[in-house]
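The values are calculated or read from the model by the stated rules, or taken from the named source; none is laboratory data. None of the values given here were measured: they were computed from a predicted structure. FYI the Cβ positions are ideal-geometry reconstructions off the backbone, even for glycines, and counts take in every protein chain you see.
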Amino acid sequence: MSLHYGHPQIAIGLVFAVLAFLLATVFVVIAVQAGSDVGFERVHAVGYWLRKRWLALLLVVGVFVVGISLFDLPYASGGPSGRTVVKVTGGQFFWSLQPGSVPAGTRVRFDVTAVDVNHGFGLYDAHGHLIGSVQAMPGYHNKLDLTLSQAGVYRIRCLEFCGLNHSVMQSTFTVTRG
Amino acid sequence: MASIIASAPSALHPRAAAFTEEARQIERRIGLLFAATGVVLILLMGVLGLIMRLTQATVIDLSPAWFYRLMTLHGMGMITGALIAAMGALWYVLHESVPLRAGHMLASYTLTVSGAVGVLVATLVGGFGAGWTFLPPLSFFPAGQWPTWSESVFFVGMLMVGSGFFVYCIDVLRQTTSTYGGLTGALGWRFLRGREPEAPPAPVIAATVIAFDGLLAMSAGMTIGLGLLGRTYDSRVGFDLLASKNLVYFFGHTIANLLIYLAAGAVYVLLPRYAGRAYEVTKVFVAGWGVALVLILTVYSHHLYMDFVQPRWAEITSEISSYASALPVAVITIYSMTMLVWGSRYRWTLASTLLYLGLVGWAIGGTGAVIDSIIPFNFRLHNTVWVVAHFHTYLMLTVVVWLLAFIAHVLERDAGETSSKTARIWTMALLLVGGFGLTGTWFVEGTLGIPRRYAIQPPGTVGYSLVGSIFAMVFALGVLACVTQLVLLGQTAWGRRHYVLVDHMDSWTGSHYQARVARADGERTAVEAAPWAPGDVPLASPGQLCIGAAACVVALASFFPQVVKASETSIRYHHLDHAGHFFLGLMFGLVIGSLPAVSRQLGDRSALGLATVIVAPAGMMLVMVPRFYEPLERHPFEHSLYHLAMAAFGLVAGLAASRLGRVGGRMSAFLSVGMVLLFAAAMKGG
């Protein structure tokens, strides 16, 4: 199962907006009802009855969402066979990518590290959408597997605060037409 | 002839009199001192936040160097300000049922405020700008922006803030556990198992969990802080960056999380006073806080989701914990609060409205946080401003408004009235529109992948910062309106400090009027602490003393020449060996200090014990900086003495811990050893 359709961030944002609106509505209703006079025994009886269902709902949603998420973990596994390894090194305030371009449709393994402080390797596609990120940490190699199917100039931005020029620490990565 | 017919209308719900104690002067003073100090700090840091947002909107032309100085100060200052205020609020409600000591609280205040001053100097004067999370080794790569001394001052400041909270937590833990029958009693677990007919009050359970988790978090923070402080003195001190990152986020995330729980602990007492319904501690409540005790500690790893080298089990455990930790909040705390409010003829005052608003912020901000804690979602949101959005939602619209609510509550009670309805409506409108507008802008930016902590925003996104800045100013107006009402309430409360208003009826004319009646001199009797007993020691029984002695014998192995020689092969192993020496001394100190005859001789020296139990492990870790120990390595005898000094630090820490009672002593001894072990794990240079 995969969650990689459309632009996930937009879907995430919309789900959050709906949930936030529903929560806000519930709080408005409770605030309006706060002025009425209802016996606490009645509130107890109905409230505790409802609470069990509320807990059950949250548990079901949790098992479902967390369960599905475990099938879509971004962590690379196994060796790099069949993948083009791109060695990524971050430093104050540059990115080095070797090689700097691959053909469209290539299964890429980004092997990410850093030479000085922690950086964040954030990969944005040619339309500026954040595809994903991985940390660049001195002394460690984080491996990110992606299949880059769309041709274009991808942009790398630093996604971990790394000092003075953090916000301008950028580079590009080209995916050529296969 | 006139007769009193009732007290003048109080700011509280009429039914609240049945379960509301009159606050004592010490509670009001300590509560207000902490809350006012914290809120002043929060307001100043809020101004810095606005300046940063206006800089991102290119309205203000601030250099990146200054942006990151302000960002570092804003983060550390906000956490410190909220921590001070929330500590005061919880102390205010907890002191009703637990004999907390004002002296310890003032020591905690002095340390925390001094630490905040240190951070202020390090950032504004020294130019330190590595962020409040100071992710190693960024502090030591300043790109020419700050001198070494500013790093030292920052870490000393951070350690002082940590020590202040440490003192608070130890006192809270010691007093709740000694008042309610040990740790299991104070957590309500004896009630849960049917061994006690009644559970402790809600704030007692909350405070015990907070103190327990707070001590663990602060120990991790102080360990990495000491390592970093050592590095400012000697550049050969090195770090395992993954282990350091774990320590930093275990400390940082947990403390930020505990701010909400600290404030919530007070809200359990305050909100019912406006609903006229006492908060009921049920077995579900106790179980929920029991679950929270563990989950608060295990969720932090979601900050390391994008560190793919972090063990997979840690990432998955964190995802499950992050979701699960929302359940007690959603199903118990927020839900039960709304049950209290529903149909209660809730008394809407400045304080009670802010209390209710805080629930909304927690629910909505928490939802954003839970979404971010799902790994595939985090893959696309990690370190974007989505993170900024969700934590500002529950820090601005929950913690800060609850802290303002706390001050309003104290002043409303003393003034016997609240602010005008019009003022309250305007204030709430400004806070709601400004607050959710600001965080909403960040949520939108987060979905667009805009990174956080950018002094210069990506091209084409400056407009969002401008809109956010406008909402931030609206929120600031709301806070200003709120503070103005607090000042006015404070003036009224001050004017009425010697009298109360009561409703009178003239028996001749039958007319009603309010008259001044002098306040009663007597105060509610404070809960008395049990007198110090020599037997209140960490190792109380002969069996426990034997276990302590056995641990000493095992720890002697750390002095065996073969072990010492083997440990020389790596810095980590060598530090581990030092930890063994420290452990030997600590257990020996605990055993000696727990012997009845010695305990009687040492007496109740809890203040000295508390100070020593913080300083001794810190000293032990600092002398592991190469520049300190290298001169001693030239001669084997000196080197042996150095190892003995490690055990001596442990001995002093053990004796000190034996002065902190059963639970406090065991906990502080455990933390001392834990700190030196974590130090060994995180440091690899030197």
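State yes or no: is B:E196 over 30 Å from B:P272 (Cβ atoms) and of a type in the set (D, E, K, R)?
Working: over 30 Å from B:P272 (Cβ atoms): no; of a type in the set (D, E, K, R): yes.
For B:E196, the condition - over 30 Å from B:P272 (Cβ atoms) and of a type in the set (D, E, K, R) - is not met.
In this structure, is B:G440 closer than 30 Å to A:I131 by Cα, within 10 Å of chain A (Cβ to nearest Cβ) and at pLDDT below 95? Please lay out each step first, then the result.
Values: closer than 30 Å to A:I131 by Cα: yes; within 10 Å of chain A (Cβ to nearest Cβ): yes; at pLDDT below 95: no.
No.
Show me the helices (runs of 4 or more DSSP H) entirely contained within the stretch B:584-684 in which 3 or more residues are aliphatic (A, V, I, L, M) and surrounded by fewer than 24 Cβ atoms within 10 Å (Cβ to Cβ). Helices (runs of 4 or more DSSP H) meeting the threshold: B:596-602, B:606-622, B:636-657, B:662-682. The strands (runs of 3 or more DSSP E) found entirely in the stretch A:81-154 that carry 1 or more residues being within 11 Å of another protein chain (Cβ to nearest Cβ) are A:84-91, A:106-114, A:119-124, A:130-136, A:142-148.
If you go through the stretch B:64-81 one residue at a time, do you hit one that is modelled with pLDDT of 95 or more, out of contact with any His (no Cβ under 8 Å at 6 or more places or on another chain), in a helix (DSSP H, G or I) and more than 23 Å from B:L135 (Cα to Cα)? Taking every residue of the stretch B:64-81 in turn, none turns out to be modelled with pLDDT of 95 or more, out of contact with any His (no Cβ under 8 Å at 6 or more places or on another chain), in a helix (DSSP H, G or I) and more than 23 Å from B:L135 (Cα to Cα). Note on the stretch B:462-509: residues that are without any contact (Cβ under 8 Å) to a residue 60 or more places away in the chain and either outside any helix (DSSP H, G or I) or on the phi > 0 side of the Ramachandran plot (or both) total 3. Once the stretch B:329-373 is narrowed to residues that are within 7 Å of chain A (Cβ to nearest Cβ) and outside any helix (DSSP H, G or I), the residue that is surrounded by the most Cβ atoms within 10 Å (Cβ to Cβ) is B:Y346. In this entry, B:V59 passes the filter for residues that are surrounded by fewer than 23 Cβ atoms within 10 Å (Cβ to Cβ) and either not assigned by TED's automatic domain parsing to the domain that holds B:R453 or not in a helix (DSSP H, G or I) (or both). Here is the figure for the stretch B:254-270: residues that are in contact (Cβ under 8 Å) with a residue 60 or more places away in the chain and farther than 20 Å from B:V98 by Cβ total 4.
Listed here are the residues, each with its yes/no results for (1) in a loop (DSSP other than H, G, I, E, B); (2) at positive phi; (3) at pLDDT 95 or above; (4) among the β-branched types (V, I, T).
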residue: B:G88; (1), (2), (3), (4): no, no, yes, no
residue: B:S97; (1), (2), (3), (4): yes, no, no, no
residue: B:T112; (1), (2), (3), (4): no, no, yes, yes
residue: B:S152; (1), (2), (3), (4): no, no, yes, no
residue: B:L159; (1), (2), (3), (4): no, no, yes, no
residue: B:C169; (1), (2), (3), (4): no, no, yes, no
residue: B:Q175; (1), (2), (3), (4): no, no, no, no
residue: B:S178; (1), (2), (3), (4): no, no, no, no
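In the stretch B:119-133, which residues are crowded, with 24+ Cβ neighbours inside 10 Å, aliphatic (A, V, I, L, M) and in a helix (DSSP H, G or I)?
Pass one, the stretch B:119-133, residues crowded, with 24+ Cβ neighbours inside 10 Å: B:119, B:122-123, B:128-130.
When the remaining residues are screened for being aliphatic (A, V, I, L, M), the result is B:119, B:122, B:130.
Once the filter is applied, which keeps residues that are crowded, with 24+ Cβ neighbours inside 10 Å, aliphatic (A, V, I, L, M) and in a helix (DSSP H, G or I), the stretch B:119-133 yields B:V119, B:A122.
Tally time: how many residues in the stretch B:26-45 are over 15 Å from B:L404 (Cα atoms) and of a type in the set (K, R)? Adding up the residues that qualify gives 1. Apart from one condition, B:F285 fits all of (1) of a type in the set (F, W, Y); (2) within 12 Å of another protein chain (Cβ to nearest Cβ); (3) under 29 Å from A:S133 (Cβ atoms); the exception is (3).
Checking each residue in the stretch A:51-64 for being facing chain B (nearest Cβ under 7 Å) and surrounded by fewer than 16 Cβ atoms within 10 Å (Cβ to Cβ) picks out only A:W54.
If the condition is being closer than 19 Å to B:L340 by Cα and either in contact (Cβ under 8 Å) with a residue 12 or more places away in the chain or not in a helix (DSSP H, G or I) (or both), then the stretch A:26-79 contributes A:A34, A:G35, A:S36, A:D37, A:V38, A:G39.
For A:I12, are the conditions met, namely being touching a Lys or Arg at 6+ places or on another chain (Cβ under 9 Å) and either more than 9 Å from chain B (Cβ to nearest Cβ) or more than 16 Å from B:L432 (Cα to Cα) (or both)?
Values: touching a Lys or Arg at 6+ places or on another chain (Cβ under 9 Å): yes; either more than 9 Å from chain B (Cβ to nearest Cβ) or more than 16 Å from B:L432 (Cα to Cα) (or both): yes.
Criteria met by A:I12.
When A:V43, A:V88 are checked against the criterion of being farther than 27 Å from A:F173 by Cβ and not aromatic (F, W, Y), a single residue qualifies: A:V43. Between B:A263, B:A278, B:A292, the distinction of being under 20 Å from the mean Cα position of the chain (by Cα) and under 20 Å from B:A405 (Cβ atoms) belongs to B:A263 only.
Checking the structure you have, find out if any residue of the stretch B:366-378 is in contact (Cβ under 8 Å) with a residue 40 or more places away in the chain and aromatic (F, W, Y). No: zero hits. For A:Y48, the requirement of being within 11 Å of another protein chain (Cβ to nearest Cβ), over 17 Å from A:T106 (Cα atoms) and in contact with a Phe, Trp or Tyr (Cβ under 7 Å, 6 or more places away or on another chain) is not met. Filtered by the rule that a residue be closer than 22 Å to A:F121 by Cβ and either polar (S, T, N, Q) or more than 10 Å from every other protein chain (Cβ to nearest Cβ) (or both), the stretch B:304-324 gives B:Q310, B:P311, B:A314, B:S318.
How many residues are within 38 Å of the chain's Cα centre (by Cα) and without any contact (Cβ under 8 Å) to a residue 24 or more places away in the chain if we restrict to the stretch B:629-644?
Of the residues in the stretch B:629-644, the ones within 38 Å of the chain's Cα centre (by Cα) are B:629-630, B:642-644.
Subset that is without any contact (Cβ under 8 Å) to a residue 24 or more places away in the chain: B:629-630, B:642.
So the count comes out to 3.
Test B:V401 against the criterion of being under 23 Å from B:S10 (Cα atoms), at pLDDT 95 or above and crowded, with 24+ Cβ neighbours inside 10 Å, and give yes or no. When the stated conditions are applied, B:V401 passes them. Taking the condition under 24 Å from the mean Cα position of the chain (by Cα) and outside the structural domain of B:D171 (by TED's automatic domain parsing), does B:G650 pass? No: the conditions fail for B:G650.
Here is the figure for the stretch B:305-314: residues that are touching a residue at least 12 places away in the same chain (Cβ under 8 Å) and buried (at least 21 other Cβ atoms within 10 Å of the Cβ) total 4.
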